[in-house]
Amino acid sequence: MTIAPQDGTVAPPPPDPAASPTPLYPDNRVKRHLSELFRLALPVTIARLGMLIMSVVDTIVVGNYDSAGLAYLNVAHAPFTSLMVTGIGLLTGVMILTSHAKGREDWQEAGSVWRYAMPYTILIGLLFTFLTWQAEWLFVVTGQPDDIATEAGHLAIILSIGMPAALIYTTCAFFLEGLQRPLPGMIVMIIANLINLVLDYGLVYGAFGLPELGAEGAAWTSSVIRWTMALILLGYVLVMKGYDLYGIRNGFAGWWRGSRDARHLGYAAGASQGMETSAFAAMQLFAGRLGVIAAASYGIAMTMLALMFMVALGLASATSVRVGIAYGRRDRPDMALAGWIGLLTTMIVMFGLSIPLYLFPGGVSHLFTQDINVIATTVSVLVLMPIIFPTDGGQNAAISALRGAGDKWAPTVLHLVSYIFVMIPAGYYLTFERDMGVRGLFWGIVIASLVAVCGLAIRFAIVSRRAIPAYVARS
(Lines give C-alpha, C1' and ligand atoms only; values in the text may rest on other atoms or scores of the structure.)
Protein backbone atom coordinates (compact mmCIF):
# COMPACT_ATOMS: atom_id res chain seq x y z
CA MET A 1 0.00 0.00 0.00
CA THR A 2 1.28 3.51 -0.88
CA ILE A 3 0.62 6.35 1.59
CA ALA A 4 0.21 9.79 -0.01
CA PRO A 5 2.00 12.78 1.57
CA GLN A 6 -0.05 15.16 3.72
CA ASP A 7 0.32 18.04 1.24
CA GLY A 8 -1.76 16.13 -1.28
CA THR A 9 1.02 15.34 -3.77
CA VAL A 10 1.25 11.83 -5.11
CA ALA A 11 4.10 9.73 -3.74
CA PRO A 12 6.54 8.43 -6.36
CA PRO A 13 6.16 4.75 -7.21
CA PRO A 14 8.57 2.32 -5.50
CA PRO A 15 11.64 1.34 -7.56
CA ASP A 16 11.29 -1.65 -9.82
CA PRO A 17 13.68 -4.30 -8.44
CA ALA A 18 13.95 -5.88 -11.89
CA ALA A 19 15.08 -2.66 -13.58
CA SER A 20 18.72 -1.83 -14.27
CA PRO A 21 20.10 1.10 -12.26
CA THR A 22 21.11 4.44 -13.65
CA PRO A 23 24.39 3.83 -15.51
CA LEU A 24 27.42 4.44 -13.33
CA TYR A 25 29.12 6.19 -16.28
CA PRO A 26 26.31 7.79 -18.35
CA ASP A 27 28.74 9.77 -20.55
CA ASN A 28 31.75 8.55 -22.54
CA ARG A 29 31.22 5.00 -21.34
CA VAL A 30 33.75 3.45 -23.70
CA LYS A 31 36.46 5.93 -22.72
CA ARG A 32 35.72 5.46 -19.02
CA HIS A 33 35.74 1.66 -19.30
CA LEU A 34 39.09 1.74 -21.10
CA SER A 35 40.49 4.06 -18.44
CA GLU A 36 39.26 1.87 -15.57
CA LEU A 37 40.36 -1.30 -17.36
CA PHE A 38 43.96 -0.13 -17.72
CA ARG A 39 44.04 1.46 -14.27
CA LEU A 40 43.18 -1.87 -12.71
CA ALA A 41 44.98 -4.03 -15.26
CA LEU A 42 48.38 -2.33 -14.99
CA PRO A 43 49.23 -3.36 -11.40
CA VAL A 44 47.48 -6.71 -11.88
CA THR A 45 49.51 -7.31 -15.04
CA ILE A 46 52.75 -6.41 -13.26
CA ALA A 47 51.86 -8.86 -10.50
CA ARG A 48 50.98 -11.60 -13.01
CA LEU A 49 54.08 -10.88 -15.03
CA GLY A 50 56.13 -11.14 -11.86
CA MET A 51 54.95 -14.72 -11.39
CA LEU A 52 56.28 -15.65 -14.81
CA ILE A 53 59.35 -13.46 -14.72
CA MET A 54 60.58 -15.67 -11.89
CA SER A 55 60.14 -18.68 -14.18
CA VAL A 56 61.85 -16.82 -17.02
CA VAL A 57 64.80 -16.07 -14.74
CA ASP A 58 64.89 -19.77 -13.79
CA THR A 59 64.87 -20.73 -17.47
CA ILE A 60 67.59 -18.25 -18.45
CA VAL A 61 69.87 -19.04 -15.50
CA VAL A 62 69.47 -22.82 -15.71
CA GLY A 63 69.50 -22.84 -19.54
CA ASN A 64 72.85 -21.07 -19.63
CA TYR A 65 74.16 -23.35 -16.89
CA ASP A 66 73.10 -26.69 -18.38
CA SER A 67 70.68 -27.60 -21.23
CA ALA A 68 69.91 -30.98 -19.65
CA GLY A 69 69.06 -29.28 -16.35
CA LEU A 70 66.70 -26.96 -18.26
CA ALA A 71 64.90 -29.95 -19.77
CA TYR A 72 64.53 -31.55 -16.31
CA LEU A 73 63.18 -28.32 -14.82
CA ASN A 74 60.72 -27.78 -17.69
CA VAL A 75 59.31 -31.29 -17.32
CA ALA A 76 59.12 -30.93 -13.52
CA HIS A 77 57.09 -27.75 -13.93
CA ALA A 78 54.47 -29.55 -16.08
CA PRO A 79 52.52 -31.26 -13.24
CA PHE A 80 53.30 -28.51 -10.72
CA THR A 81 52.06 -25.73 -12.98
CA SER A 82 49.01 -27.75 -14.02
CA LEU A 83 47.95 -28.26 -10.41
CA MET A 84 48.83 -24.72 -9.34
CA VAL A 85 46.79 -23.17 -12.15
CA THR A 86 43.94 -25.55 -11.35
CA GLY A 87 44.11 -24.30 -7.76
CA ILE A 88 44.07 -20.69 -8.97
CA GLY A 89 40.98 -21.54 -10.99
CA LEU A 90 39.32 -23.09 -7.93
CA LEU A 91 39.89 -19.78 -6.13
CA THR A 92 38.57 -17.56 -8.94
CA GLY A 93 35.24 -17.25 -7.12
CA VAL A 94 36.99 -15.13 -4.46
CA MET A 95 37.67 -12.33 -6.96
CA ILE A 96 34.29 -12.63 -8.67
CA LEU A 97 32.17 -12.61 -5.49
CA THR A 98 34.28 -9.84 -3.96
CA SER A 99 33.66 -7.69 -7.05
CA HIS A 100 29.92 -8.48 -6.87
CA ALA A 101 29.88 -7.40 -3.22
CA LYS A 102 31.75 -4.22 -4.11
CA GLY A 103 29.18 -3.47 -6.79
CA ARG A 104 26.48 -3.71 -4.06
CA GLU A 105 28.75 -1.83 -1.57
CA ASP A 106 28.31 -4.71 0.89
CA TRP A 107 31.70 -4.57 2.63
CA GLN A 108 31.02 -7.23 5.29
CA GLU A 109 30.02 -9.66 2.56
CA ALA A 110 33.22 -8.87 0.69
CA GLY A 111 35.31 -9.65 3.78
CA SER A 112 33.44 -12.87 4.46
CA VAL A 113 34.34 -14.09 0.95
CA TRP A 114 38.03 -13.91 1.94
CA ARG A 115 37.56 -15.36 5.44
CA TYR A 116 35.60 -18.37 4.24
CA ALA A 117 38.03 -18.97 1.38
CA MET A 118 41.22 -19.16 3.47
CA PRO A 119 40.64 -22.62 5.07
CA TYR A 120 39.56 -23.93 1.68
CA THR A 121 42.76 -22.52 0.16
CA ILE A 122 44.93 -24.35 2.69
CA LEU A 123 43.01 -27.59 2.12
CA ILE A 124 43.54 -27.67 -1.65
CA GLY A 125 47.12 -26.45 -1.22
CA LEU A 126 47.99 -29.48 0.93
CA LEU A 127 46.19 -31.85 -1.46
CA PHE A 128 48.04 -30.50 -4.49
CA THR A 129 51.34 -30.64 -2.61
CA PHE A 130 50.85 -34.37 -2.10
CA LEU A 131 49.94 -34.91 -5.76
CA THR A 132 52.98 -32.99 -7.01
CA TRP A 133 55.19 -34.97 -4.63
CA GLN A 134 54.14 -38.13 -6.50
CA ALA A 135 54.94 -36.74 -9.98
CA GLU A 136 57.74 -39.17 -10.89
CA TRP A 137 55.32 -41.99 -11.65
CA LEU A 138 53.61 -39.70 -14.18
CA PHE A 139 56.89 -39.16 -15.98
CA VAL A 140 57.52 -42.90 -16.08
CA VAL A 141 54.09 -43.90 -17.42
CA THR A 142 54.19 -41.16 -20.09
CA GLY A 143 57.37 -42.60 -21.56
CA GLN A 144 59.92 -40.00 -20.48
CA PRO A 145 63.55 -41.14 -20.75
CA ASP A 146 64.88 -42.55 -17.48
CA ASP A 147 67.16 -39.60 -16.74
CA ILE A 148 64.36 -37.07 -17.30
CA ALA A 149 61.88 -39.06 -15.19
CA THR A 150 64.28 -39.36 -12.25
CA GLU A 151 65.68 -35.83 -12.25
CA ALA A 152 62.36 -34.12 -12.98
CA GLY A 153 60.67 -36.19 -10.26
CA HIS A 154 63.21 -34.94 -7.72
CA LEU A 155 62.71 -31.31 -8.80
CA ALA A 156 58.92 -31.69 -8.63
CA ILE A 157 59.20 -32.65 -4.95
CA ILE A 158 61.08 -29.43 -4.20
CA LEU A 159 58.59 -27.33 -6.18
CA SER A 160 55.66 -28.93 -4.34
CA ILE A 161 56.77 -27.36 -1.06
CA GLY A 162 55.74 -23.95 -2.40
CA MET A 163 52.26 -25.04 -3.54
CA PRO A 164 50.26 -23.97 -0.43
CA ALA A 165 52.06 -20.64 -0.39
CA ALA A 166 51.24 -19.96 -4.05
CA LEU A 167 47.53 -20.48 -3.35
CA ILE A 168 47.50 -18.40 -0.14
CA TYR A 169 49.05 -15.52 -2.08
CA THR A 170 46.46 -16.01 -4.83
CA THR A 171 43.48 -15.85 -2.45
CA CYS A 172 44.75 -12.64 -0.85
CA ALA A 173 45.55 -11.09 -4.24
CA PHE A 174 42.13 -12.05 -5.68
CA PHE A 175 40.37 -10.49 -2.69
CA LEU A 176 42.27 -7.23 -3.07
CA GLU A 177 41.77 -7.17 -6.84
CA GLY A 178 38.02 -7.69 -6.39
CA LEU A 179 38.06 -4.55 -4.23
CA GLN A 180 40.05 -2.76 -6.98
CA ARG A 181 43.07 -2.56 -4.66
CA PRO A 182 45.74 -4.43 -6.65
CA LEU A 183 48.79 -2.36 -5.66
CA PRO A 184 49.84 -4.46 -2.62
CA GLY A 185 50.01 -7.62 -4.70
CA MET A 186 52.09 -5.80 -7.31
CA ILE A 187 54.54 -4.43 -4.71
CA VAL A 188 54.98 -7.86 -3.10
CA MET A 189 55.66 -9.37 -6.52
CA ILE A 190 58.31 -6.77 -7.36
CA ILE A 191 60.10 -7.41 -4.06
CA ALA A 192 59.91 -11.17 -4.65
CA ASN A 193 61.47 -10.85 -8.10
CA LEU A 194 64.40 -8.84 -6.79
CA ILE A 195 65.09 -11.51 -4.17
CA ASN A 196 64.60 -14.28 -6.74
CA LEU A 197 67.13 -12.80 -9.16
CA VAL A 198 69.92 -12.87 -6.57
CA LEU A 199 69.02 -16.14 -4.87
CA ASP A 200 68.43 -17.99 -8.14
CA TYR A 201 71.83 -17.08 -9.55
CA GLY A 202 73.50 -17.84 -6.23
CA LEU A 203 72.05 -21.32 -5.79
CA VAL A 204 72.38 -22.39 -9.44
CA TYR A 205 76.01 -21.26 -9.93
CA GLY A 206 77.20 -21.36 -6.33
CA ALA A 207 77.77 -17.59 -6.17
CA PHE A 208 77.80 -15.36 -3.07
CA GLY A 209 79.06 -18.23 -0.93
CA LEU A 210 75.96 -20.36 -1.61
CA PRO A 211 76.14 -24.04 -2.66
CA GLU A 212 76.17 -24.82 -6.41
CA LEU A 213 72.95 -26.79 -6.96
CA GLY A 214 72.19 -26.29 -10.66
CA ALA A 215 68.52 -26.80 -11.58
CA GLU A 216 67.80 -27.91 -8.00
CA GLY A 217 68.84 -24.45 -6.81
CA ALA A 218 66.23 -22.84 -9.05
CA ALA A 219 63.54 -25.14 -7.66
CA TRP A 220 64.48 -24.31 -4.05
CA THR A 221 64.47 -20.60 -4.86
CA SER A 222 60.93 -20.85 -6.27
CA SER A 223 59.56 -22.47 -3.12
CA VAL A 224 61.29 -20.02 -0.77
CA ILE A 225 60.05 -17.03 -2.77
CA ARG A 226 56.45 -18.30 -2.87
CA TRP A 227 56.35 -18.59 0.92
CA THR A 228 57.84 -15.12 1.30
CA MET A 229 55.14 -13.66 -0.95
CA ALA A 230 52.32 -15.50 0.79
CA LEU A 231 53.30 -14.39 4.29
CA ILE A 232 53.79 -10.74 3.30
CA LEU A 233 50.44 -10.42 1.50
CA LEU A 234 48.58 -12.35 4.19
CA GLY A 235 50.01 -9.99 6.80
CA TYR A 236 48.91 -7.01 4.74
CA VAL A 237 45.29 -8.22 4.50
CA LEU A 238 45.15 -8.79 8.27
CA VAL A 239 46.28 -5.25 9.12
CA MET A 240 45.13 -3.23 6.08
CA LYS A 241 43.20 -0.01 6.50
CA GLY A 242 39.50 -0.79 6.93
CA TYR A 243 40.01 -4.41 8.04
CA ASP A 244 37.25 -3.91 10.65
CA LEU A 245 34.87 -2.61 7.95
CA TYR A 246 35.35 -5.90 6.09
CA GLY A 247 35.32 -8.07 9.22
CA ILE A 248 38.69 -9.55 8.27
CA ARG A 249 39.40 -10.82 11.81
CA ASN A 250 35.95 -12.26 12.52
CA GLY A 251 37.18 -15.85 12.35
CA PHE A 252 36.59 -18.80 10.06
CA ALA A 253 33.60 -20.51 11.72
CA GLY A 254 31.21 -22.04 9.18
CA TRP A 255 33.74 -21.67 6.38
CA TRP A 256 32.63 -24.70 4.38
CA ARG A 257 29.03 -23.55 4.07
CA GLY A 258 30.06 -19.92 3.80
CA SER A 259 32.42 -20.65 0.90
CA ARG A 260 29.77 -22.55 -1.06
CA ASP A 261 29.12 -19.90 -3.72
CA ALA A 262 32.83 -19.19 -4.22
CA ARG A 263 33.58 -22.90 -4.39
CA HIS A 264 30.86 -23.55 -6.95
CA LEU A 265 32.17 -20.78 -9.18
CA GLY A 266 35.68 -22.12 -8.60
CA TYR A 267 34.77 -25.71 -9.46
CA ALA A 268 33.88 -24.67 -12.99
CA ALA A 269 36.84 -22.30 -13.34
CA GLY A 270 39.23 -24.83 -11.78
CA ALA A 271 38.03 -27.60 -14.08
CA SER A 272 38.42 -25.25 -17.05
CA GLN A 273 41.91 -24.07 -16.17
CA GLY A 274 42.91 -27.53 -15.04
CA MET A 275 41.94 -29.01 -18.40
CA GLU A 276 43.74 -26.26 -20.28
CA THR A 277 46.98 -26.50 -18.29
CA SER A 278 46.83 -30.30 -18.28
CA ALA A 279 46.54 -30.19 -22.05
CA PHE A 280 49.61 -27.93 -22.23
CA ALA A 281 51.39 -30.25 -19.80
CA ALA A 282 50.60 -33.12 -22.16
CA MET A 283 52.20 -31.14 -24.96
CA GLN A 284 55.29 -30.67 -22.77
CA LEU A 285 55.40 -34.43 -22.25
CA PHE A 286 55.07 -34.95 -26.01
CA ALA A 287 58.09 -32.66 -26.40
CA GLY A 288 59.93 -34.72 -23.78
CA ARG A 289 59.41 -37.83 -25.89
CA LEU A 290 61.23 -36.07 -28.73
CA GLY A 291 64.36 -35.69 -26.57
CA VAL A 292 66.29 -33.11 -24.59
CA ILE A 293 66.61 -30.56 -27.43
CA ALA A 294 62.88 -30.61 -28.19
CA ALA A 295 61.97 -30.40 -24.49
CA ALA A 296 64.29 -27.43 -23.97
CA SER A 297 63.02 -25.64 -27.10
CA TYR A 298 59.39 -26.21 -26.20
CA GLY A 299 60.09 -24.92 -22.70
CA ILE A 300 61.68 -21.72 -24.00
CA ALA A 301 58.85 -21.00 -26.45
CA MET A 302 56.22 -21.77 -23.81
CA THR A 303 58.02 -19.52 -21.34
CA MET A 304 57.66 -16.62 -23.79
CA LEU A 305 54.03 -17.54 -24.44
CA ALA A 306 53.33 -17.79 -20.73
CA LEU A 307 55.17 -14.52 -20.03
CA MET A 308 53.07 -12.59 -22.52
CA PHE A 309 49.98 -14.50 -21.42
CA MET A 310 50.41 -12.84 -18.02
CA VAL A 311 49.70 -9.52 -19.73
CA ALA A 312 46.52 -11.06 -21.11
CA LEU A 313 45.72 -12.49 -17.69
CA GLY A 314 46.10 -9.07 -16.09
CA LEU A 315 43.72 -7.55 -18.64
CA ALA A 316 41.38 -10.53 -18.25
CA SER A 317 41.33 -10.23 -14.46
CA ALA A 318 40.53 -6.54 -14.78
CA THR A 319 37.79 -7.43 -17.26
CA SER A 320 36.32 -9.93 -14.80
CA VAL A 321 36.26 -7.33 -12.02
CA ARG A 322 34.73 -4.65 -14.27
CA VAL A 323 32.07 -7.09 -15.50
CA GLY A 324 31.52 -8.35 -11.93
CA ILE A 325 30.94 -4.85 -10.50
CA ALA A 326 28.39 -4.09 -13.24
CA TYR A 327 26.79 -7.48 -12.57
CA GLY A 328 26.58 -6.70 -8.84
CA ARG A 329 24.85 -3.40 -9.70
CA ARG A 330 22.57 -5.29 -12.13
CA ASP A 331 23.60 -2.94 -14.95
CA ARG A 332 23.36 -5.29 -17.94
CA PRO A 333 24.38 -2.83 -20.72
CA ASP A 334 27.43 -1.76 -18.73
CA MET A 335 28.31 -5.41 -18.06
CA ALA A 336 28.17 -6.20 -21.78
CA LEU A 337 30.25 -3.16 -22.69
CA ALA A 338 32.89 -4.01 -20.07
CA GLY A 339 33.21 -7.54 -21.44
CA TRP A 340 33.56 -6.59 -25.12
CA ILE A 341 36.03 -3.81 -24.39
CA GLY A 342 38.11 -6.22 -22.31
CA LEU A 343 38.10 -8.89 -25.04
CA LEU A 344 39.00 -6.61 -27.95
CA THR A 345 41.61 -4.65 -25.97
CA THR A 346 43.31 -7.86 -24.87
CA MET A 347 43.55 -9.22 -28.41
CA ILE A 348 44.97 -5.96 -29.78
CA VAL A 349 47.56 -5.67 -27.02
CA MET A 350 48.60 -9.31 -27.41
CA PHE A 351 49.06 -8.97 -31.16
CA GLY A 352 51.33 -5.99 -30.60
CA LEU A 353 53.42 -7.95 -28.09
CA SER A 354 53.91 -10.79 -30.58
CA ILE A 355 55.60 -8.63 -33.23
CA PRO A 356 59.11 -8.52 -31.66
CA LEU A 357 59.15 -12.32 -31.35
CA TYR A 358 58.17 -12.65 -35.00
CA LEU A 359 60.80 -10.17 -36.17
CA PHE A 360 63.68 -11.23 -33.88
CA PRO A 361 63.22 -14.93 -33.00
CA GLY A 362 66.96 -15.64 -33.01
CA GLY A 363 67.77 -12.84 -30.60
CA VAL A 364 65.07 -13.98 -28.19
CA SER A 365 66.30 -17.58 -28.33
CA HIS A 366 69.88 -16.49 -27.55
CA LEU A 367 68.67 -15.04 -24.25
CA PHE A 368 67.85 -18.52 -23.00
CA THR A 369 70.55 -20.78 -24.37
CA GLN A 370 73.76 -20.87 -26.43
CA ASP A 371 73.00 -24.35 -27.80
CA ILE A 372 72.67 -23.85 -31.59
CA ASN A 373 70.36 -26.87 -31.98
CA VAL A 374 67.98 -25.60 -29.30
CA ILE A 375 68.06 -22.11 -30.85
CA ALA A 376 67.21 -23.39 -34.33
CA THR A 377 64.23 -25.37 -33.06
CA THR A 378 63.00 -22.48 -30.94
CA VAL A 379 63.16 -20.01 -33.85
CA SER A 380 60.91 -22.28 -35.92
CA VAL A 381 58.04 -21.90 -33.43
CA LEU A 382 58.41 -18.29 -32.27
CA VAL A 383 57.28 -17.09 -35.72
CA LEU A 384 53.82 -18.52 -34.96
CA MET A 385 53.26 -16.21 -31.99
CA PRO A 386 51.34 -13.47 -33.90
CA ILE A 387 48.56 -16.04 -34.30
CA ILE A 388 48.82 -17.67 -30.87
CA PHE A 389 49.17 -14.55 -28.69
CA PRO A 390 45.92 -12.73 -29.61
CA THR A 391 43.75 -15.84 -29.80
CA ASP A 392 45.04 -17.40 -26.57
CA GLY A 393 44.84 -14.06 -24.76
CA GLY A 394 41.41 -13.36 -26.22
CA GLN A 395 39.95 -16.64 -25.05
CA ASN A 396 41.17 -15.87 -21.52
CA ALA A 397 39.55 -12.42 -21.59
CA ALA A 398 36.29 -13.92 -22.88
CA ILE A 399 36.18 -16.61 -20.21
CA SER A 400 36.96 -14.03 -17.51
CA ALA A 401 34.07 -11.87 -18.73
CA LEU A 402 31.79 -14.90 -18.55
CA ARG A 403 32.96 -15.70 -15.00
CA GLY A 404 32.35 -12.09 -13.97
CA ALA A 405 28.81 -12.45 -15.32
CA GLY A 406 28.25 -15.55 -13.17
CA ASP A 407 28.43 -18.08 -16.03
CA LYS A 408 29.79 -21.34 -14.67
CA TRP A 409 29.87 -24.51 -16.74
CA ALA A 410 29.40 -23.46 -20.36
CA PRO A 411 32.92 -21.95 -20.56
CA THR A 412 34.28 -25.13 -19.02
CA VAL A 413 32.64 -27.25 -21.73
CA LEU A 414 34.10 -24.97 -24.40
CA HIS A 415 37.57 -25.36 -22.86
CA LEU A 416 37.11 -29.13 -22.75
CA VAL A 417 36.33 -29.21 -26.45
CA SER A 418 39.09 -26.78 -27.44
CA TYR A 419 42.03 -28.04 -25.43
CA ILE A 420 41.31 -31.69 -24.68
CA PHE A 421 39.46 -32.78 -27.83
CA VAL A 422 41.14 -30.42 -30.30
CA MET A 423 44.62 -29.39 -29.12
CA ILE A 424 45.93 -32.72 -27.80
CA PRO A 425 44.85 -34.85 -30.81
CA ALA A 426 45.92 -32.16 -33.30
CA GLY A 427 49.27 -31.68 -31.57
CA TYR A 428 49.94 -35.41 -31.41
CA TYR A 429 48.93 -35.98 -35.03
CA LEU A 430 50.99 -33.12 -36.44
CA THR A 431 54.02 -33.92 -34.27
CA PHE A 432 54.26 -37.69 -34.56
CA GLU A 433 52.12 -38.68 -37.55
CA ARG A 434 53.10 -35.79 -39.80
CA ASP A 435 56.68 -35.63 -38.43
CA MET A 436 56.51 -31.88 -37.76
CA GLY A 437 58.32 -32.15 -34.42
CA VAL A 438 57.95 -29.30 -31.93
CA ARG A 439 56.43 -27.08 -34.63
CA GLY A 440 53.50 -29.49 -34.83
CA LEU A 441 52.78 -28.98 -31.13
CA PHE A 442 52.44 -25.23 -31.64
CA TRP A 443 50.21 -25.62 -34.69
CA GLY A 444 47.97 -27.68 -32.42
CA ILE A 445 47.90 -24.71 -30.01
CA VAL A 446 46.97 -22.38 -32.89
CA ILE A 447 44.00 -24.52 -33.89
CA ALA A 448 42.71 -24.94 -30.32
CA SER A 449 43.04 -21.23 -29.49
CA LEU A 450 41.06 -20.23 -32.56
CA VAL A 451 38.27 -22.65 -31.62
CA ALA A 452 38.27 -21.41 -28.01
CA VAL A 453 38.15 -17.67 -28.66
CA CYS A 454 35.36 -18.00 -31.24
CA GLY A 455 33.23 -20.25 -29.05
CA LEU A 456 33.66 -18.14 -25.90
CA ALA A 457 32.93 -14.88 -27.71
CA ILE A 458 29.66 -16.34 -29.03
CA ARG A 459 28.78 -17.50 -25.53
CA PHE A 460 29.39 -14.04 -24.06
CA ALA A 461 27.18 -12.51 -26.75
CA ILE A 462 24.38 -14.79 -25.52
CA VAL A 463 24.96 -14.26 -21.77
CA SER A 464 25.30 -10.47 -22.03
CA ARG A 465 21.80 -10.20 -23.50
CA ARG A 466 20.15 -11.89 -20.50
CA ALA A 467 18.54 -10.04 -17.60
CA ILE A 468 20.66 -10.11 -14.40
CA PRO A 469 18.83 -11.88 -11.54
CA ALA A 470 18.27 -10.13 -8.21
CA TYR A 471 20.81 -10.89 -5.48
CA VAL A 472 19.62 -13.27 -2.76
CA ALA A 473 21.60 -13.00 0.49
CA ARG A 474 22.88 -16.21 2.09
CA SER A 475 20.85 -17.40 5.03
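The values are calculated or read from the model by the stated rules, or taken from the named source; none is laboratory data. Only a predicted model underlies this, so the values are computations on that prediction, with no experimental measurement involved. So basically every Cβ, Gly included, is an ideal-geometry build from the backbone, and we count neighbours across all protein chains shown. Note: areas computed on protein heavy atoms with side chains; ligands, DNA, RNA excluded. Shrake-Rupley method; radii C 1.70, N 1.55, O 1.52, S 1.80 Å.
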Can you confirm whether residue 126 is open to solvent by 70 Å² or more (accessible area, probe 1.4 Å) and touching a residue at least 24 places away in the same chain (Cβ under 8 Å)? yes
Taking only pairs six or more apart or across chains, which ones have beta-carbon atoms under 6 Å, a first residue in the range 295-319 that is within 24 Å of residue 464 (Cβ to Cβ) and in contact (Cβ under 8 Å) with a residue 24 or more places away in the chain, and a second residue that is surrounded by 24 or more Cβ atoms within 10 Å (Cβ to Cβ) and of a type in the set (Lys, Arg)? 313/48; 314/48
Which is open to solvent by 40 Å² or more (accessible area, probe 1.4 Å) and of a type in the set (Asp, Glu), of 200, 106? 106
Which helices (runs of 4 or more DSSP H) does the range 197-300 wholly contain that include 1 or more residues that are at pLDDT below 85 and within 23 Å of residue 64 (Cα to Cα)? 260-289
Subset of the range 357-388 that is under 15 Å from residue 309 (Cα atoms) and part of a helix (DSSP H, G or I) - its residue that is most open to solvent (accessible area, probe 1.4 Å): 387
Out of everything in the range 318-356 that is open to solvent by less than 10 Å² (accessible area, probe 1.4 Å) and of a type in the set (S, T, N, Q), what residue ends up being nearest to residue 36 (Cα to Cα)? 319
Tally, over the range 74-83, of residues that are of a type in the set (A, V, I, L, M, F, W, C) and either open to solvent by 20 Å² or more (accessible area, probe 1.4 Å) or modelled with pLDDT of 90 or more (or both): 1
Residues to consider are 308, 229; find the one that is among the aliphatic types (A, V, I, L, M) and open to solvent by 20 Å² or more (accessible area, probe 1.4 Å). 308
Scope the range 245-288; condition surrounded by 17 or more Cβ atoms within 10 Å (Cβ to Cβ), of a type outside the set (A, V, I, L, M, F, W, C) and over 23 Å from the mean Cα position of the chain (by Cα); matching residues: 246, 258, 288
